[in-house]
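Here the structure is laid out as structure tokens; the discussion comes afterwards.
None of the figures in this text is laboratory data; all of them are computed from the coordinates on show. Since the structure is predicted, the reported quantities are computational estimates derived from the model, not experimental observations. Cβ atoms come from the backbone with ideal geometry, glycine included; neighbour counts cover every protein chain shown.
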Amino acid sequence: MAADREIFTARGATVGPALSAGVEECWMELDGVRMRYLRAGSGPALILLHGLLGYSFSWRYTMPALAPYATVYAPDMMGAGFSDRPAGLDHSMRGTAQRLLRLIAQLGISSFDLLGTSHGGAVAMMAAAECLGENAAPRLRRLVLVAPVNPYSVHGRRLAPFVGSRFGTALFRLVIGRMSFLYPYWHARMYGDRSRIPPGTLEGYVAPLAKPGLFEHALSIVRTWTEDLRELQETLPRLASVPTFLMWGSKDSAVYASSAEPLAKYFPNSKLIIFPGIGHLPYEECPEEFNRALIGFLTGGEVSG
């Protein structure tokens with residue numbers, strides 16, 4: 001790969017939770033700061049984009065399953081996971097999408113499939129819009145959206161702007177920033193059935209809290225949430241030509257599954273699958289069904305849960 005010389009491991013040691021066999025931890029300097037990503041497999045490039053307060057750990061069941069079909073990349077987006085958390089970074093959806101495309105270009109990737117979940121799904125849609133046009137580079141082949149933040153989920157439209165307000169920010173810092181013992185409660189709410197939470201999951205998501213600035217990163221994202229959703233809604237009509245796969249859990253309490261149909265109207269060349277009884281993280285709560293459906297879409301086979 002053209003950019004391999006720019007990739008290095010952190011002192012030869014894995015950062016954070018142990019990695020699955022065949023998954024490699026890599027580092028890159030992007031915009032003057034260090035960015036971590038995981039890589040596995042061979043074949044066409046597939047980028048996996050995590051959600052708010054998530055990181056590459058989210059894809060621990062997805063990467064090994066997809067590795068036989070694609071070269072899979074899972075970045076810790078700047079400010080998240082174990083990547084650097086520089087102050088003053090543009091964390092708007094458009095700014096994050098443009099940074100993602102610079103990462104992809106620096107990796108030497110000319111065409112790719114893109115999967116984004118939750119806030120990462122909204123970023124993925126903004127990135128897709130940046131890839132339109134005959135001379136666009138890199139070229140997006142297909143888009144996969146897993147419970148993506150969108151203008152039609154009432155819950156997200158109300159909650160994020162509140163957290164981003166002056167009062168909400170102060171409350172967030174008090175309750176979350178200083179009382180991280182509440183994190184398990186909020187994490188468990190992301191599942192339709194808490195008995196399906198895989199062992200070690202909470203520990204994996206809590207691990208990056210040891211690196212300062214994670215909650216400040218989250219606050220910087222929600223501060224522009226309302227404006228970002230407005231821009232996303234204006235962008236959606238441009239994405240009609242993109243082959244798209246929409247994936248949702250029926251019991252998603254973060255981005256309501258009821259928003260799937262109005263969103264799907266902007267993607268006439270799309271497929272939709274809803275996993276019964278599953279929450280916001282189907283790639284963790286029902287990984288076998290999720291992977292089977294995703295592989296079916298990416299290989300042109302049957303899409304089934």
For the range 4-299, compute Rh as the Kirkwood radius over C-alpha pairs and then the Stokes-Einstein diffusion coefficient at 4 °C and 1.567 mPa s; write the answer in µm²/s, rounded to an integer. 68
Restricting to lysines and to Cα separations under 26 Å from Lys251, and discarding same-chain partners fewer than 8 apart, the set is Lys265, Lys271
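Only counting other Cβ atoms within 10 Å, I'd like His91, His187 sorted with the fewest neighbours first. Let's see the in-between values first.
Details: His91 23, His187 17.
Listed from fewest to most nearby Cβ atoms, that is His187, His91.
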Pop a pseudo-label 7 angstrom from the Cα along the beta-carbon direction at both Ser42 and Asp193 and give the gap in nm to one decimal. 3.9
A correct Kirkwood calculation over the Cα atoms of the range 28-108 returns a hydrodynamic radius in Å of 13.0
